[in-house]
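Contents: one structure, followed by commentary.
The values are calculated or read from the model by the stated rules, or taken from the named source; none is laboratory data. Computed from a prediction, not measured in an experiment: that's the story for all the values here. Neighbour counts run over all protein chains shown; Cβ positions are idealised from the backbone, glycine included. Protein only, heavy atoms only, side chains kept; ligands, DNA and RNA dropped before computing areas. Shrake-Rupley method; radii C 1.70, N 1.55, O 1.52, S 1.80 Å.
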Amino acid sequence: MPRRLGTLEGRTFAAVLFDMDGTLIDSIPTVIRSWLRWAQEEGVDPHDLAGFHGVPARGVISALLPPGRVDSAFERIEAIEVADTEGITVLPGTLDALAVLTGEVDLCAIATSCTRPLADARLAVTALPAPRVVVTASDVRQGKPHPEPFLLAAARLGVDPTDCLVVEDAPGGLEAARAAGCATLAVTTTTVAADLLADAVVDTLADVRFSVVEGRVCVAPVVTGP
């Protein structure tokens with residue numbers, strides 16, 4: 001049976017704004033390795049890293065270390081993460097979604113909490129056919145859960161953010177999407193459904209099918225049974 005998509009059913013959108021890590025690609029193993037290594041080097045209790053998924057690195061560090069140590073600690077975690085891309089994979093449904101929504105005219109963008117060097121490294125290692133618009137933490141003054149990443153992605157596509165669908169796996173990213181006025185679709189790749197406040201929740205992008213009708217994006221549930 002198809003999984004219903006609630007208020008998203010029957011709607012069309014000017015564009016889809018995808019989060020990257022946990023939504024399009026699975027980078028969790030390298031993220032865990034990198035941040036545990038960083039915590040050991042910086043003398044941070046690893047337990048204090050809990051609850052920051054989807055938050056830009058500088059925001060995490062600013063919450064854990066005194067201001068005078070933030071810049072050097074940020075440079076260190078970026079270097080660690082850029083160097084460690086082993087085991088990063090493309091999540092189910094990603095390639096199908098991007099094949100529909102990228103082309104001569106992109107109808108999607110990526111808005112990630114990665115910095116530009118880190119996003120480039122992860123896109124390269126996965127050979128992900130990324131859209132032309134990729135907004136990173138390096139491009140904004142305030143990262144998720146602030147709406148700026150999604151607002152900038154929509155602006156670079158030339159569309160109204162309130163006419164966009166955001167696909168996210170993290171509560172902070174969904175908060176940013178709502179603040180930007182976007183509709184929301186959550187995937188449960190890193191967070192349980194009960195903690196994802198969205199218009200619809202699915203397991204992965206393989207559970208939905210994107211199509212383009214008269215220049216507008218439609219999303220429908222995938223039929224998985226009789």
ask   = Quick one: Karplus J couplings for segment 105-113, per residue in order, coefficients 6.51, -1.76, 1.60, θ = phi - 60°, nearest Hz, x for Gly and Pro?
value = 10, 6, 10, 8, 8, 10, 10, 10, 7
key: For q = 0.13, 0.23 Å⁻¹, Debye-computed log10 I/I(0) when each Cα of segment 2-111 counts as one equal scatterer   = -0.65, -1.27
message = In segment 133-226, if the dipole is taken from +1 on Lys/Arg beta carbons and -1 on Asp/Glu beta carbons about the Cα centre, which of PRO145, VAL135, CYS164 is farthest to the positive end?
response = VAL135
request  = Sort out for me the Cα centre separation of segment 191-213 from segment 104-154, rounded to whole Å.
outcome  = 19 Å
Sorted peptide list for 75-84, 4-13, 136-145, criterion being average Cβ within 10 angstrom, highest first = 136-145, 75-84, 4-13
message = How large a share of the accessible area of segment 50-180, in percent, is made up of carbon and sulfur atoms when the probe is 1.4 Å and the other protein chains stay in place?
response = 54 percent
query = How large is the dipole of segment 135-226 about the Cα centre if only Lys and Arg carry +1 and Asp and Glu carry -1, each at its Cβ, rounded to the nearest 20 debye?
reply = 160 debye
query = Among VAL213, ALA179, ILE28, which residue has its Cα positioned farthest towards the positive end of the charge dipole of the chain, with +1 placed on the Cβ of Lys and Arg, -1 on the Cβ of Asp and Glu, and the dipole taken about the Cα centre?
reply = VAL213
ask   = What shape does segment 117-226 have by the C-alpha gyration tensor, where a ≥ b ≥ c are the square roots of the eigenvalues, rounded means a/c under 1.5, and otherwise prolate means a/b greater than b/c and oblate the rest?
value = rounded
remark   = Counting sequence-distant residues (5 or more places) and residues on other chains, those with an amide H built under 5 Å from that of ARG216 are none
key: Listed peptides 40-51, 170-181, 91-102, 189-200 by packing density, highest first (mean Cβ within 10 Å)   = 170-181, 91-102, 189-200, 40-51
query = When the gyration tensor of the chain is built from Cα positions, what are the square roots of 5 times its three eigenvalues, in whole Å, from largest to smallest?
reply = 30, 18, 16
